[in-house]
Amino acid sequence: MAKKRGANCDWCGTEVLAGDGYRLIQPKRNLGATFDRLEHVVPWLMKKNDWHIWNDVQVPEGAEPVSARTGDDLNEDAYYLVHHRDGVKIPDGFNSTDEALEWAKAGGRWAKS
């Protein structure tokens, strides 16, 4: 069975299949970006930060109502970084791109405490 074609990484241009990689989204403004690796979120947010307009962006199913970085309640302008892996989607929410950047720079979910 062939894998579904996805998009290209917004940092390096590598193809990201539909069930893999990361998607950084802001539902309120229907914004999105695609990445093949967590490490590519960091330079993109620092230097490029060139969003795409996507149709009907929703808060990811299963997203916690608090920031993955600070533990604060998420505001209505929240951003979500969703890790896609083998059909599973793991969302992490942030109140700003700065929070998402710091979280990604620290290693994301795999950061050393």
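Only the coordinates and a few stated rules stand behind these numbers; no lab work does. Since the model is a prediction, treat every value here as computed from it, not as a measurement. Using ideal geometry, Cβ is built from the backbone for each residue, glycine included, and neighbour counts are taken over all protein chains shown.
Things worth noting here:
- Modelled label positions at L17 and R29, each set 7 Å beyond Cα in the direction of Cβ, lie 3.3 nm from each other.
- Each Cα pair under 8 Å and six or more residues apart adds its sequence gap; the mean of these over the residue count of region 10-111 is a relative contact order of 30 percent.
- Among the GluC sites (Glu not before Pro) in region 25-113, those located in a DSSP loop and surrounded by at most 15 other Cβ atoms within 10 Å of their own Cβ are E61, E76.
- Between K48 and D86, the modelled labels are 2.8 nm apart [label points 7 Å from Cα along Cα→Cβ].
- log10 of Debye I(q)/I(0), alpha-carbon scatterers only, for the chain at 0.09, 0.20 Å⁻¹: -0.21, -1.09
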